[in-house]
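Visitor: Can you read through this structure? Questions will come right after.
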Amino acid sequence: MAMQLSSDLMDGLVLALLSKEDLYGYSLTKQVQERFAVSESTMYPVLRRLKKRDWVTTYDEPFEGRNRRYYKISNLGYQEMARIQEEWRYFSSKVNEIMLAGDTDGK
């Protein structure tokens, strides 16, 4: 069973990856898929939403006769990423308090 990722978490994951380097859509999707079960059809709406909110910008680079669209985190995106990270720290600590209470050996 896989837990569902909320749109806030998806936004945060994408922004965190883009804070390290600019990525094109397929590469970004593959990096997320290495850790979570998400489809390509999930990622592109996330990218469109982030662009609409001005949290990312795009630019095209030629690659093998075609253009690749790269995504770059914006200043607003960095601010949003920080907000999501702070909320995640709080949320995950509260979940861990309950889920891992008394858990000393991973059982």
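The values are calculated or read from the model by the stated rules, or taken from the named source; none is laboratory data. What you see is a predicted model, and the numbers here were worked out from it, not measured in a lab. FYI the Cβ positions are ideal-geometry reconstructions off the backbone, even for glycines, and counts take in every protein chain you see.
Visitor: Restricting to the stretch 52-69, give me the number of residues that are part of a loop (DSSP other than H, G, I, E, B) and of a type in the set (Phe, Trp, Tyr).
Guide: 1
Visitor: Now, a different point. Among the residues of the stretch 1-30, which ones are among the polar types (S, T, N, Q) and either surrounded by 14 or more Cβ atoms within 10 Å (Cβ to Cβ) or in contact (Cβ under 8 Å) with a residue 60 or more places away in the chain (or both)?
Guide: Listed by number, the residues that qualify are Ser19, Ser27, Thr29.
Visitor: Moving on. Among the residues of the stretch 19-45, which ones are in contact with a helix residue (DSSP H, G or I) (Cβ under 7 Å, 6 or more places away or on another chain) and under 14 Å from Met81 (Cα atoms)?
Guide: Matches in the stretch 19-45: Ser19 only.
Visitor: Would you be able to tell me the number of residues in the stretch 29-51 that are assigned to a helix (DSSP H, G or I) and of a type in the set (Asp, Glu)?
Guide: Adding up the residues that qualify gives 1.
Visitor: Just for the stretch 1-40: of the residues that are of a type in the set (Val, Ile, Thr) and within 15 Å of Tyr70 (Cα to Cα), which one is modelled with the highest pLDDT?
Guide: Val14
Visitor: So which of Val95, Val56 ends up being of a type outside the set (Lys, Arg) and at pLDDT 95 or above?
Guide: The match here is Val56.
Visitor: Shifting gears a bit: Being surrounded by 15 or more Cβ atoms within 10 Å (Cβ to Cβ), in a helix (DSSP H, G or I) and out of contact with any Gly (no Cβ under 8 Å at 6 or more places or on another chain), is that true of even one residue in the stretch 86-107?
Guide: no
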